[in-house]
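J.: Below are the structure tokens for one structure; questions will follow.
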Amino acid sequence: MSEANIQLVPTTPFDDQRAGTSGLRKPVRVFQQPHYLENFVQAIFNTRPELKDGLLILGGDGRFHNDVAIGIILRMAAASGVARVIVGQHGFLSTPAVSHLIRKHHAQGGIILSASHNPGGPNGDFGIKFNTANGGPAPEAVTEAFFNETRKIRAFLIHAGDVPEIGRTGEFMLGDMRVDIVDPVSDYADLMQHLFDFDAMRKLLASGFQIRFDAMHAITGPYARHIFTDLLGAPAEWIMNSTPLPDFGGGHPDPNLKHAASLVALTQGENGVDFAAASDGDGDRNMILGKRCFVTPSDSLAVIAAHAAMIPGYRNGIHGVARSMPTSQAADRVAERLGIAHYETPTGWKFFGNLLDHQRITFCGEESFGTGSDHVREKDGLWAVLFWLNILAGSRQSVSDILAAHWREYGRNYYTRHDYEGIDSGIATQLVETLRGQLDGLRGQRFGDHTIAWADDFSYTDPIDASVSAHQGIRIGFEDGSRIVYRLSGTGTQGATLRVYLESFEPDPARQQLDTQHVMQALVDIADRLADIRSRTGRDAPDIIT
Ligand code: G1P
Ligand code: ZN
């Protein structure tokens, strides 16, 4: 290889390359601007010197622009002296699979191309995330270093050679760099077989127990086909929308009650299926449904922690449990009962990394359909689905029976999230600022049966590295244990999204089977009054209720 193949291309900085909650996420057309992706990728190579002579894992969720970006990144990696890249066939790798490959091969890092659950296609979104050697999302200090680098970048390096055809597996050279194109599924499927009781699940599926999995035309299709059909014997038609498409078939690959409504419909009525689940664009989110039953992600985390002793990979004992701040406190109750630690972290998976690495926790989760454990350093959609299937196989109870028993034992944390999307950024910021300014005076204020006990702006000090993350959301606590949380989304690409999270605790089993929105109505009204949501935003109702 001659140095002549490496080109030094002059460039000028973009000023908007600061990562949000989860990587750099922008409309596709922003990423299509000349040098936009290149500048960001060069900032990664410039600030992560360990990648030189190192191993990089590379893949994405298959969305529009994935293949173009893979080609550019491979040529830039070769030019920056990366020794070897492992890339998923067709450029496919789910987010948890990247995390696993980084850990398995002791790679120096990984690049994931995804905008998660945001729509894809030429008019959709694209994104890029960097994961560090522990397999987890880059912490804030790392993404800030990228951002600072992008503000002064003047040139990037790119190899002029031809990129190998990524549609077939094999080993190739690009200049001095080795490129291994691998089956994206097999290592991940091995890991799942190591954690869960596949024999018990196979027997359950052969017994007439009906399941459906909706891959939403995103990355989990090939994973689900292999795991559920090849390994567990499910009929192929139980895996819905299993072909990844660049625009996700025009859908919104977000597994929630609105965007996965057709799956939800299959669980309704007398002939509803016993178990249904879905995952998002890049495979890290999950939604769990039973016959006429929706499991909130907050409850899912609590149920998972409570059933760890049934699952082969966790049978020998677990460390603590962590949840993001807006997630309901259901998991805390399980941890207290088990005598293990529980932690409350800011929104975003990156805050779990230190706790997982230092064995403070085994399980962690977010209300936003994210659940995971120390088996990787990302949330993991299919892992959560298999965890539930293993519980169902072991207990031979229905999803709703498992939930009801859980609530009877621990009490029920009724929970809902109301999202106001695409509101004016200035109005959104002002709404939060005004609330922040009122925090001191809120204590003791009464709204009907509800009296405010405390209010603050959540700040987190990492127990391992003492780093502080301030302004993570406004929390308002009531004397009966109810909570309202307000925060602005850090992943949206248009205007601002206000998220209002509401929680109330019900210890009485006789009152645990009520309709959530009905139970929460009083709190919803208080949330509106405290923040003047309707009058400030001009919206009568939230865009999404989960
Ligand atoms: C959202 C979720 C958050 C999750 C993130 C990435 O971020 O709320 O829990 O970690 O997506 O999947 P947000 O838009 O609220 O900043
Ligand atoms: Zn995702």
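J.: Looking for something touching a helix residue (DSSP H, G or I) at 6+ places or on another chain (Cβ under 7 Å), assigned to a strand (DSSP E or B) and among the charged types (D, E, K, R) - is there at least one such residue anywhere in the range 118-137?
T.: yes
J.: Sticking with this structure for a sec: Looking only at the range 165-197, which residues are outside any loop (DSSP other than H, G, I, E, B) and over 25 Å from the mean Cα position of the chain (by Cα)?
T.: Once the filter is applied, which keeps residues that are outside any loop (DSSP other than H, G, I, E, B) and over 25 Å from the mean Cα position of the chain (by Cα), the range 165-197 yields Gly170, Glu171, Phe172, Met173, Leu174, Met177, Arg178, Val179, Asp180, Ile181.
J.: Next question. Do you know which residues across the range 48-77 are assigned to a helix (DSSP H, G or I) and in contact with a helix residue (DSSP H, G or I) (Cβ under 8 Å, 6 or more places away or on another chain)?
T.: Leu51, Ala69, Ile72, Ile73, Met76, Ala77
J.: Then there is this: How do the strands (runs of 3 or more DSSP E) wholly within the range 235-333 filter down when requiring 1 or more residues that are within 16 Å of ligand 2 (Cβ to nearest atom): which remain?
T.: In the range 235-333, 275-279, 286-290, 320-324 are the strands (runs of 3 or more DSSP E) which contain 1 or more residues that are within 16 Å of ligand 2 (Cβ to nearest atom).
J.: While we're looking at this one, here's another question. When the residues of the range 101-151 are narrowed to those that are basic (Lys, Arg) and within 23 Å of Pro27 (Cα to Cα), which ends up farthest from ligand 2 (Cβ to nearest atom)?
T.: Among residues in the range 101-151 that are basic (Lys, Arg) and within 23 Å of Pro27 (Cα to Cα), the one farthest from ligand 2 (Cβ to nearest atom) is Arg151.
J.: Still on this structure, please answer the following. What do you reckon, is Phe45 away from ligand 1 (no atom under 16 Å from the Cβ), closer than 26 Å to Arg151 by Cβ and touching a helix residue (DSSP H, G or I) at 6+ places or on another chain (Cβ under 9 Å)?
T.: Taking the combined requirement at face value, the residue satisfies it.
J.: Among the numbered conditions (1) assigned to a helix (DSSP H, G or I); (2) more than 16 Å from ligand 1 (Cβ to nearest atom); (3) closer than 28 Å to Pro139 by Cα, tell me where Ala428 comes up short.
T.: For Ala428, the failing item is (2).
J.: What strands (runs of 3 or more DSSP E), lying completely within the range 338-417, carry at least 2 residues that are more than 16 Å from ligand 2 (Cβ to nearest atom), in contact (Cβ under 8 Å) with a residue 60 or more places away in the chain and on the phi < 0 side of the Ramachandran plot?
T.: 342-345
J.: A follow-up question, please. When the range 476-528 is examined, which residues are found to be part of a helix (DSSP H, G or I) and within 23 Å of Gly422 (Cβ to Cβ)?
T.: Gln517, Val524, Ala527, Asp528
J.: Out of Gly283, Gly221, report the one residue that is under 16 Å from Val185 (Cβ atoms), of a type outside the set (Val, Ile, Thr), in contact with a Ser or Thr (Cβ under 8 Å, 6 or more places away or on another chain) and within 16 Å of ligand 1 (Cβ to nearest atom).
T.: Criteria check complete, one pass: Gly283.
J.: Moving to a separate point now. Is it fair to say Glu344 is crowded, with 21+ Cβ neighbours inside 10 Å and within 16 Å of ligand 1 (Cβ to nearest atom)?
T.: For Glu344, the condition - crowded, with 21+ Cβ neighbours inside 10 Å and within 16 Å of ligand 1 (Cβ to nearest atom) - is not met.
J.: Tell me whether the range 5-16 contains one or more residues that are on the phi < 0 side of the Ramachandran plot, touching a residue at least 60 places away in the same chain (Cβ under 8 Å) and part of a helix (DSSP H, G or I).
T.: Scanning the range 5-16, I find at least one residue that is on the phi < 0 side of the Ramachandran plot, touching a residue at least 60 places away in the same chain (Cβ under 8 Å) and part of a helix (DSSP H, G or I), so the answer is yes.
J.: Across the range 146-169, what is the total count of residues that are over 14 Å from Ile181 (Cβ atoms) and crowded, with 16+ Cβ neighbours inside 10 Å?
T.: Going through the range 146-169 one residue at a time, the tally reaches 10.
J.: Residues in the range 198-216: is at least one within 16 Å of ligand 2 (Cβ to nearest atom), over 25 Å from Glu367 (Cα atoms) and in a loop (DSSP other than H, G, I, E, B)?
T.: No, that holds for no residue.
J.: If Gly481 satisfies all but one of (1) under 18 Å from Tyr414 (Cβ atoms); (2) under 26 Å from the mean Cα position of the chain (by Cα), what's the number of the condition it fails?
T.: Checking Gly481 against (1) under 18 Å from Tyr414 (Cβ atoms); (2) under 26 Å from the mean Cα position of the chain (by Cα), the one that fails is (2).
J.: On the basis of being hydrophobic (A, V, I, L, M, F, W, C), assigned to a strand (DSSP E or B) and touching a residue at least 24 places away in the same chain (Cβ under 8 Å), does Ile464 make the cut?
T.: no
J.: Run down Ile102, Ile112, Ile73 and say which single residue is of a type in the set (A, V, I, L, M, F, W, C), buried (at least 24 other Cβ atoms within 10 Å of the Cβ) and within 16 Å of ligand 1 (Cβ to nearest atom).
T.: Answer to the selection: Ile112.
J.: Answer yes or no: is there a residue in the range 502-519 that is in contact with a Gly (Cβ under 9 Å, 6 or more places away or on another chain), within 16 Å of ligand 1 (Cβ to nearest atom) and among the hydroxyl-bearing types (Ser, Thr, Tyr).
T.: no
Okay, residues lined up against (1) under 17 Å from Val142 (Cβ atoms); (2) more than 20 Å from the chain's Cα centre (by Cα); (3) within 16 Å of ligand 1 (Cβ to nearest atom):
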site	(1), (2), (3)
Asp15	no, yes, no
Arg18	yes, no, yes
Phe31	no, yes, no
Leu37	no, yes, no
Gly60	no, no, yes
Gly81	no, yes, no
Val85	no, yes, no
Val98	yes, no, yes
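J.: Another question, if that's okay. Find the residue count for the range 295-317, including only residues that are surrounded by 20 or more Cβ atoms within 10 Å (Cβ to Cβ) and either free of Cβ contacts under 8 Å to residues at least 60 places away in the same chain or among the aromatic types (Phe, Trp, Tyr) (or both).
T.: Residues flagged as surrounded by 20 or more Cβ atoms within 10 Å (Cβ to Cβ) and either free of Cβ contacts under 8 Å to residues at least 60 places away in the same chain or among the aromatic types (Phe, Trp, Tyr) (or both) within the range 295-317 amount to 3.
J.: Can you tell me which residues in the range 412-455 are small (Gly, Ala, Ser) and closer than 15 Å to Met520 by Cα?
T.: Hit for the range 412-455 is Gly448, nothing else.
J.: Here is a further query. Could you tell me whether any residue of the range 99-117 is at pLDDT below 95, closer than 16 Å to Gly348 by Cα, out of contact with any Cys (no Cβ under 8 Å at 6 or more places or on another chain) and not hydrophobic (A, V, I, L, M, F, W, C)?
T.: Yes: the range 99-117 contains one or more residues that are at pLDDT below 95, closer than 16 Å to Gly348 by Cα, out of contact with any Cys (no Cβ under 8 Å at 6 or more places or on another chain) and not hydrophobic (A, V, I, L, M, F, W, C).
J.: Please go through the range 297-308 and give me each residue that is away from ligand 1 (no atom under 12 Å from the Cβ) and under 25 Å from Asp61 (Cβ atoms), ordered by number.
T.: Residues satisfying the conditions are Ser300, Leu301, Ile304.
J.: What is the number of the single condition among (1) over 21 Å from Gly441 (Cβ atoms); (2) at pLDDT below 95; (3) out of contact with any Lys or Arg (no Cβ under 7 Å at 6 or more places or on another chain) that Ser504 does not meet?
T.: Ser504 satisfies all of (1) over 21 Å from Gly441 (Cβ atoms); (2) at pLDDT below 95; (3) out of contact with any Lys or Arg (no Cβ under 7 Å at 6 or more places or on another chain) except (2).
The values are calculated or read from the model by the stated rules, or taken from the named source; none is laboratory data. On a predicted model such as this, the values are computed, not experimentally measured, just so you know. Heads up, the Cβs are rebuilt from the backbone with ideal geometry, glycines too, and the neighbour counts pull from every protein chain shown.
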